[in-house]
Each structure stands twice: as C-alpha cells, then as structure tokens.
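J.: Dropping a structure here in structure tokens format, bear with me for questions.
The values are calculated or read from the model by the stated rules, or taken from the named source; none is laboratory data. These numbers were taken from a predicted model, which means no experiment stands behind them. Because the Cβ atoms are built from the backbone with ideal geometry, glycine has one as well, and the counts that use them run over all protein chains shown. Areas reflect the complete protein model, heavy atoms only, side chains present, ligands, DNA and RNA absent. Shrake-Rupley method; radii C 1.70, N 1.55, O 1.52, S 1.80 Å.
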Amino acid sequence: MEVQSARLDSWIWAVRLFKTRSAAAAACRGGHVRVNGTPAKPGLRIGPNDEVRLRVDGVEKIVVVVRAITKRVGAAVVPECLIDRSPPPPPKEVLASVPRRDRGAGRPTKRDRREIDRLRGLGL
C-alpha cells in the first residue's frame with residue numbers, strides 16, 4: 001500500500017537528506033526548510049509534487065517529492081522518491097579564492113575588519 005503523505009521531518013530523514021530525524025526536525029524548527037516557498041514545521045504533511053528547499057551544511061538543496069515514504073531507504077532507492085533540482089556547487093577555484101581566518105585565531109582586529117570590508121567591496 002502506497003502512502004499518500006508523510007511528515008516532513010520523517011520524509012527528509014528517510015530520503016537521507018539528514019542523518020537523524022531529530023536533526024531534520026531541528027532544521028525545520030530553525031527555519032532552514034521550506035515547502036512550496038513557505039517555512040515548514042516538522043509535522044507538516046507532504047505529498048507528491050511538493051517542492052522542498054533546505055539548507056544542509058551551508059548548501060541549499062531543492063528537491064521535489066515523487067513518492068512519500070516514512071521508513072528510511074537505501075541510497076539506491078532514493079532517486080525513486082525525489083527529483084533533485086539543486087543548483088550545482090560552486091567550482092573549487094572560487095571556494096579556494098575566498099579568504100578565511102584560521103580557526104581559533106580569535107576575533108578580527110579593526111584592521112582585519114577593514115581589509116575584509118575592502119575585499120567585499122564595502123570599504124570607502
């Protein structure tokens with residue numbers, strides 16, 4: 001018997017977009033998940049043709065529900081349950097050119113902040 005709808009947090013966990021259901025629910029509560037353009041709560045019922053936009057580790061993913069499932073499935077079955085319309089990730093050259101502070105270096109000084117603003121095009 002095919003399920004017509006499923007809880008949002010359960011579905012995004014079942015199709016392996018999050019490692020745990022509690023992490024999926026936390027992302028929903030934190031406003032990182034949208035269904036059909038509106039912020040969604042973990043208990044929202046979703047079904048086929050719903051568009052789910054979520055932010056995972058700073059990367060935006062856009063998926064369309066093909067099949068509502070409630071049990072976690074293997075990676076080989078996931079493409080049958082969703083259509084991935086996510087934009088391609090930026091090239092590695094672009095990511096490498098973005099300046100980053102060393103972890104644990106503390107807060108940026110005033111001089112550092114001015115240089116950061118200048119690089120971003122915000123400086124005068």
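J.: Compute the acute angle (0 to 90°) between the alpha-carbon long axis of helix 110-120 and the principal axis of greatest extent of the alpha-carbon atoms of the chain; round to the nearest 10°.
T.: Tilt relative to the chain: about 60 degrees.
J.: At most 16 other Cβ atoms within 10 Å and a DSSP loop assignment: could you name the GluC sites (Glu not before Pro) in segment 34-124 that fit?
T.: Sites meeting the loop and neighbour criteria: none at all.
J.: Please list, or write none, the lysines whose alpha carbon is within less than 21 Å of the alpha carbon of residue 19, excluding same-chain residues fewer than 8 places away.
T.: Leaving aside lysines fewer than 8 places away in the same chain, those within reach of residue 19 are 41, 61, 71.
J.: So what is the accessible area of the chain per residue, in Å², with the probe set to 1.4 Å?
T.: I get 73 Å² per residue for the chain.
J.: Taking all protein chains in place and a 1.4 Å probe, what share, in percent, of the accessible surface of the chain do carbon and sulfur account for?
T.: C and S fraction of accessible area: 53 percent.
J.: Go through [x] 14.7; [y] 16.0; [z] 16.7 and flag the label whose value is the computed Kirkwood radius over Cα pairs in Å for this structure.
T.: [z]
J.: All other residues with a Cβ under 11 Å from the Cβ of residue 22 taken together, and with Lys, Arg as +1 and Asp, Glu as -1, what is their net charge?
T.: +2
J.: Further question on the same structure: Calculate the spin-label point distance for residue 59 paired with residue 16, positioning each point 7 Å from the Cα along the beta-carbon direction, and give it in nanometres.
T.: 1.3
J.: Using a simple charge model, +1 on the beta-carbon of Lys and Arg, -1 on the beta-carbon of Asp and Glu, nothing else, what dipole does the chain show about its Cα centre, in debye to the nearest 20?
T.: 640
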